[in-house]
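The values are calculated or read from the model by the stated rules, or taken from the named source; none is laboratory data. What you see is a predicted model; the values in this text were computed from it and never measured. Using ideal geometry, Cβ is built from the backbone for each residue, glycine included, and neighbour counts are taken over all protein chains shown.
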Ligand code: ATP
Ligand code: MG
């Protein structure tokens, strides 16, 4: 597999995954299909630099849920690359590492439109965009006109490949799911069944528990 990945396209989906949900999985699958990705790595952030204003669920729980959610897809892989590295998880560092590991693979970073709009606030955006092709999934509620303007603006300012992905739009967010659990509402059909069982078993997202 290592050898295969050296010449193929490797998808990377970064996120907090607190918890992983069907929106993430549908986007990753659409990207895999449209861009002929050999594998999609799901990379939970250890310390997401943009989310330090709220308490994040311990990384091992988030990783376990990513493992459960990806286990039955032959081309989806849960990655520990950010978990096993100290400090905040910067995407550019992860991409550098993956580039060194797979020097000839085409790295495709899959991201939601909301994240692309904030790209200028990420660490070393220029290098990041040099290291990978960006595959941008629009999320319900996202202004596609603004998204295209943003992509055009970035492409004017730095050499990069940014492509829009047509994926079925699912209006699901981890924030809403955490809220649903806190309010005693159901997660059925919003997360894989195994993830729902895990959340219930470990009492995640309950009112007064780890995250609001
Ligand atoms: P939160 O509500 O806590 O911010 P989230 O649902 O946005 O969580 P993240 O872990 O922040 O999930 O997202 C990881 C990546 O997946 C981001 O690039 C984000 O834009 C994308 N993403 C999240 N939910 C969806 C969705 N429903 N459809 C498409 N992309 C999504
Ligand atoms: Mg988010």
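Side notes on the structure shown:
- Looking only at the range 39-55, and only at residues there that are away from ligand 2 (no atom under 12 Å from the Cβ) and in contact (Cβ under 8 Å) with a residue 40 or more places away in the chain, the one that is surrounded by the fewest Cβ atoms within 10 Å (Cβ to Cβ): 55
- Test for residue 18: is it touching a helix residue (DSSP H, G or I) at 6+ places or on another chain (Cβ under 8 Å), assigned to a loop (DSSP other than H, G, I, E, B) and closer than 27 Å to residue 206 by Cβ: yes
- Odd one out for residue 133, checked against (1) within 14 Å of ligand 1 (Cβ to nearest atom); (2) at pLDDT 95 or above; (3) within 15 Å of the chain's Cα centre (by Cα): (1)
- Odd one out for residue 67, checked against (1) free of Cβ contacts under 8 Å to residues at least 24 places away in the same chain; (2) in contact with a helix residue (DSSP H, G or I) (Cβ under 8 Å, 6 or more places away or on another chain): (2)
- The range 131-183, residues that are in contact with a helix residue (DSSP H, G or I) (Cβ under 6 Å, 6 or more places away or on another chain) and either within 16 Å of residue 25 (Cβ to Cβ) or part of a strand (DSSP E or B) (or both): 135, 136, 137, 139, 162, 165, 167, 168, 170, 172
- Top-ranked residue of the range 161-179 - restricted to ones that are over 13 Å from residue 23 (Cβ atoms) and surrounded by fewer than 16 Cβ atoms within 10 Å (Cβ to Cβ), ranked as nearest to ligand 2 (Cβ to nearest atom): 179
- Which numbered condition residue 158 misses (of (1) more than 26 Å from residue 9 (Cβ to Cβ); (2) loosely packed, with under 14 Cβ neighbours inside 10 Å; (3) over 18 Å from the mean Cα position of the chain (by Cα)): (1)
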